[in-house]
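S.K.: Can you read through this structure? Questions will come right after.
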Amino acid sequence: MALTNKQKTKVTASVKRHEKDTGSPEYQIALFTEQIKKLTTHLKKNKKDFHSRRGLLKMVSKRKKLMSYLEKTNEKSYKDVIKSLGLK
């Protein structure tokens, strides 16, 4: 269920800080959001896939932690990420 390179570049193009950005909170939040969407559709079809459900819950938790960190450190960037990804 991994994302392809094309999917990653499409999702993270608007939130990258620079050309080779892979570790910024904005970038990670964008990737987690796309993976969460993909897993959610998978779990709607496969209701008894509890291993993937656990992975989904871990991803949601990580994204939430990254978003709270970003909100504390850089509120402007936090608002931009929410707006560009359609969260909240």
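Throughout, read-outs are computed from the coordinates displayed, never taken from laboratory work. Not measured: the values here are computed from a predicted model. Cβ coordinates were reconstructed from backbone atoms using ideal geometry, including for glycine residues, and neighbour counts include every protein chain displayed.
S.K.: Just order 49-56, 30-37, 79-86 by mean Cβ neighbour count inside 10 Å, highest at the front, would you?
M.R.: In descending order of packing, they fall as 30-37, 79-86, 49-56.
S.K.: Could you go through segment 82-88 in sequence order and give the Karplus-derived ³J(HN,Hα) for each residue, using 6.51 cos²θ - 1.76 cosθ + 1.60 with θ = phi - 60°, rounded to whole Hz, and x for Gly and Pro?
M.R.: After applying 6.51 cos²θ - 1.76 cosθ + 1.60, I find 4, 5, 6, 9, x, 8, 6 Hz.
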